[in-house]
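The values are calculated or read from the model by the stated rules, or taken from the named source; none is laboratory data. No experiment lies behind these values; they were computed from the predicted model shown. For neighbour counting, all protein chains shown are included, and Cβ atoms are generated from backbone atoms with ideal geometry for every residue, glycine included.
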Amino acid sequence: MLKHVTFLGATAVVAVLSTGALAQDVTADTVVATVGDTEITMGEVIIARTNLPPQYSQFPAEVLFDGLVEQLIQQQLLADAAGEASARTIYTLANERRALMAAEVITSIAETSVTEADVQAAYDARFQDAEEIPEFNAAHLLVETEEEAAAAKARIDDGAAFADVARDVSTGPTGPNGGNLGWFGNGAMVPEFEQAVTALEIGGITEPFETQFGWHVATLLETRVQPRPALDDLRPQIAADLQEQAVTARIDALAAAADVTKPEPGQFDPSLIDATALLD
């Protein structure tokens with residue numbers, strides 16, 4: 001962005017302010033350069049700086065300042081050479097001005113419309129009537145045949161620890177840690193497994209049952225209600241939702257107070273949005 005472009009001529013008169021100007025004497029309206037009768041202000045340089053990609057932050061301020069001033073000078077030289085603005089440029093500027101001014105209002109709404117109390121209230125309301133979702137902590141052992149599963153169940157019934165039997169016989173990936181599956185909710189397991197485990201009381205052990213993976217014996221270790229997400233985790237999402245609602249409400253209010261007309265159905269051919277020839 002800071003690279004020089006080819007000059008079309010040297011007819012412009014360029015005057016750059018002394019770099020010794022004190023910061024406290026400079027305002028956004030301070031003229032830093034002129035091209036013919038056109039003034040380039042410090043405000044324009046600052047805006048050009050805000051539009052630079054992040055990687056330009058590695059350059060010293062004096063390098064950026066000189067480069068940006070030179071860029072604006074070159075752009076003005078080319079703009080002067082263009083003469084009258086084309087229709088394409090006029091319509092583009094109208095859209096850009098509209099978008100920039102709308103963005104300022106949106107930013108103002110986003111910064112002022114949502115308080116911490118609003119976020120807290122929305123968080124509380126979201127979970128006030130939320131259904132409690134159960135979660136289960138279970139262990140199982142997996143073997144190939146019903147006979148193997150029955151033999152394992154018999155060992156457990158005789159007093160062997162479930163985890164010890166699972167470590168001995170289970171072919172599943174959880175065998176080495178005693179068959180512990182950790183916490184899971186409804187729908188996380190195949191239906192046959194979920195049905196068998198959720199029917200248990202804590203500490204209960206199923207009879208051997210079959211799934212697509214083989215034969216299981218399972219035990220229910222604990223149950224709990226799915227923990228509520230922390231406010232800090234949801235704050236950005238809730239704030240964004242509230243800001244969007246505030247912007248929508250402001251637009252609706254403005255539209256209700258304004259005289260707005262829209263195209264009638266069929267009034268315009270929708271394919272005209274690609275008719276760039278109309279701009280020539």
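Given the conditions (1) surrounded by 15 or more Cβ atoms within 10 Å (Cβ to Cβ); (2) within 32 Å of the chain's Cα centre (by Cα); (3) assigned to a helix (DSSP H, G or I), and given that ILE46 satisfies all but one, which numbered condition is not satisfied?
With respect to (1) surrounded by 15 or more Cβ atoms within 10 Å (Cβ to Cβ); (2) within 32 Å of the chain's Cα centre (by Cα); (3) assigned to a helix (DSSP H, G or I), ILE46 is out only on (1).
Quick one: what pairs do we get from the stretch 76-95, first residue free of Cβ contacts under 8 Å to residues at least 24 places away in the same chain, second hydroxyl-bearing (Ser, Thr, Tyr) and in a helix (DSSP H, G or I), C-beta under 9 Å, 6+ apart or different chains?
What qualifies is ALA82/THR89.
I'm trying to understand the selection: among the residues of the stretch 187-234, which are touching a residue at least 40 places away in the same chain (Cβ under 8 Å) and of a type in the set (Gly, Ala, Ser)?
Hits for the stretch 187-234 are GLY214, ALA218.
Here is a list: ALA81, ALA23, ALA48, ALA12. Which entry is touching a Leu at 6+ places or on another chain (Cβ under 6 Å) and at pLDDT below 90?
Numbers: ALA81 fails: at pLDDT below 90; ALA23 fails: touching a Leu at 6+ places or on another chain (Cβ under 6 Å); ALA48 fails: at pLDDT below 90.
Every option except ALA12 fails the conditions.
Inside the stretch 197-238, can you point out the residues that are acidic (Asp, Glu) and closer than 20 Å to ALA150 by Cβ? Step through it out loud before you land on a result.
Initial filter on the stretch 197-238 (acidic (Asp, Glu)): 201, 207, 210, 222, 232-233.
Listed by number, the residues that qualify are GLU207, GLU210.
Of all residues in the stretch 200-226, how many are over 41 Å from the mean Cα position of the chain (by Cα) and among the aromatic types (Phe, Trp, Tyr)?
2
Regarding the stretch 201-208, can at least one residue be identified that is part of a loop (DSSP other than H, G, I, E, B) and surrounded by 17 or more Cβ atoms within 10 Å (Cβ to Cβ)? Please lay out each step first, then the result.
Going through the stretch 201-208, the residues part of a loop (DSSP other than H, G, I, E, B) turn out to be 201-204, 206-208.
Applying the additional criterion that residues be surrounded by 17 or more Cβ atoms within 10 Å (Cβ to Cβ) yields 206, 208.
Yes, the stretch 201-208 contains at least one residue that is part of a loop (DSSP other than H, G, I, E, B) and surrounded by 17 or more Cβ atoms within 10 Å (Cβ to Cβ).
Can you spot a residue in the stretch 161-175 that is surrounded by 13 or more Cβ atoms within 10 Å (Cβ to Cβ), part of a strand (DSSP E or B) and either over 31 Å from the mean Cα position of the chain (by Cα) or aliphatic (A, V, I, L, M) (or both)?
No, the stretch 161-175 has no match at all.
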